[in-house]
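Here the structure comes first, spelled out in structure tokens, and everything after it is commentary.
The values are calculated or read from the model by the stated rules, or taken from the named source; none is laboratory data. Since the structure is predicted, the reported quantities are computational estimates derived from the model, not experimental observations. Virtual Cβ from ideal backbone geometry, glycine too; neighbours counted across all protein chains shown. Areas reflect the complete protein model, heavy atoms only, side chains present, ligands, DNA and RNA absent. Shrake-Rupley method; radii C 1.70, N 1.55, O 1.52, S 1.80 Å.
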Amino acid sequence: MRALFIVNPQATTTTSRTREVILGALASELDITVAETEYRDHAVVLAREAAARGYELVLSLGGDGTVNEVVNGLLTAPEGLKRPRYAVIPGGSANVFIRALGVPGDPVEATGAVLEAVREGREREINLGRITSDQDDRYFTFCAGFGWDADVVQQVEHERANGRKATPALYAEVAVKLFFQGDIRDPSLSVSSRGRNLEEVYFALVTNTTPWTYAGALPLQPTPASRFELGLDAFALTHSSHAITGWVLSQMFFPKGLPAQGDGYATWHDQDSLRITSSHPRAFQIDGEYLGDREQVNFHSVPKALRIIC
């Protein structure tokens, strides 16, 4: 099987030795070509070209940002070309999408699981989310966020640019800091879907699976019924006091996740489409990557968008 292996050399949790071990294992069973990313969105270009060059499989080693780029490259390949299947090997700090698929968190172990799936012909089709706005037309794999969580992502990217490593501890530090600085208390958002409109929302998430993210090993589940095989789910924070917000966030750590109904928030389940607007530009992120400030984003569920080997 001809395969393109897209490697992010800046992946935070792998070393050059680990990458050599992974490549050796893949090369023993696949006709493998390696391509390293050199700039942001380079994996989009590489994955798009993989379809044009007739690759049957694209693999990636990196975090959720690398995954998002590869997926967007695969789904924007020229029409008429057969889209390669996709397999993921974790190399980031969170690896939310990869862990939601059930792929092992250790990159070497994950490589073995992928090769076993290739030998056995195991694959699954999953739904994806798609965002459209004046600035965007892009797919996401597990979540998109408007407001506070996007502020956190933006600040973490700033910290990384200044030399800090994107660890779970850094995310937690930034999230708590912004929480108590009041960044979460801005009721500028509105969420609408199927005739239901909710205004004065403080921050909002749209999810394609669960969890929304991880705090170290602990999954945060604002929409625990969200699944790759269903439409989109959403969460909206409707009260801003520290007590209520802290309680809502703490419920997301429970094994069953946040209940579908409760004080201080609202949820949506299995939606074909949603729209989030803001009365002024707010931070926006998809799959843990800050996209900039937005005033309106449309969300769509794309059924059976991607074939995953896992």
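A compact table of results
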{"quantity": "Index of the failed condition, Phe228 passing every other in (1) aromatic (Phe, Trp, Tyr); (2) part of a loop (DSSP other than H, G, I, E, B); (3) more than 18 Å from the chain's Cα centre (by Cα)", "calculated": "(3)"}
{"quantity": "Residue count for the range 117-137, restricted to those that are open to solvent by less than 50 Å² (accessible area, probe 1.4 Å) and either closer than 15 Å to Val88 by Cα or touching a strand residue (DSSP E or B) at 6+ places or on another chain (Cβ under 6 Å) (or both)", "calculated": "9"}
{"quantity": "Enumeration of residues in the range 251-295 that are in a loop (DSSP other than H, G, I, E, B), under 29 Å from Gly62 (Cβ atoms) and of a type in the set (Phe, Trp, Tyr)", "calculated": "Phe253"}
{"quantity": "Extreme residue, farthest from His269 (Cα to Cα), among residues of the range 169-198 that are free of Cβ contacts under 8 Å to residues at least 60 places away in the same chain and open to solvent by less than 50 Å² (accessible area, probe 1.4 Å)", "calculated": "Leu170"}
{"quantity": "Residues of the range 138-163 that turn out to be without any contact (Cβ under 8 Å) to a residue 12 or more places away in the chain and either assigned to a helix (DSSP H, G or I) or surrounded by 14 or more Cβ atoms within 10 Å (Cβ to Cβ) (or both), as a count", "calculated": "3"}
{"quantity": "Residue among Leu75, Leu61 that is under 19 Å from the mean Cα position of the chain (by Cα), farther than 22 Å from Gly112 by Cα and either of a type in the set (A, V, I, L, M, F, W, C) or modelled with pLDDT of 95 or more (or both)", "calculated": "Leu75"}
{"quantity": "Cβ pairs under 7 Å, 6+ apart, first in the range 23-50 and surrounded by 20 or more Cβ atoms within 10 Å (Cβ to Cβ), second of a type in the set (Asp, Glu)", "calculated": "Ala43/Glu69; Val44/Glu69"}
{"quantity": "Checklist (1) within 25 Å of Thr14 (Cβ to Cβ); (2) part of a loop (DSSP other than H, G, I, E, B); (3) touching a residue at least 24 places away in the same chain (Cβ under 8 Å) applied to Ala117, failing item", "calculated": "(2)"}
{"quantity": "Qualifying residue in the range 79-91 (condition: assigned to a helix (DSSP H, G or I) and charged (D, E, K, R))", "calculated": "no"}
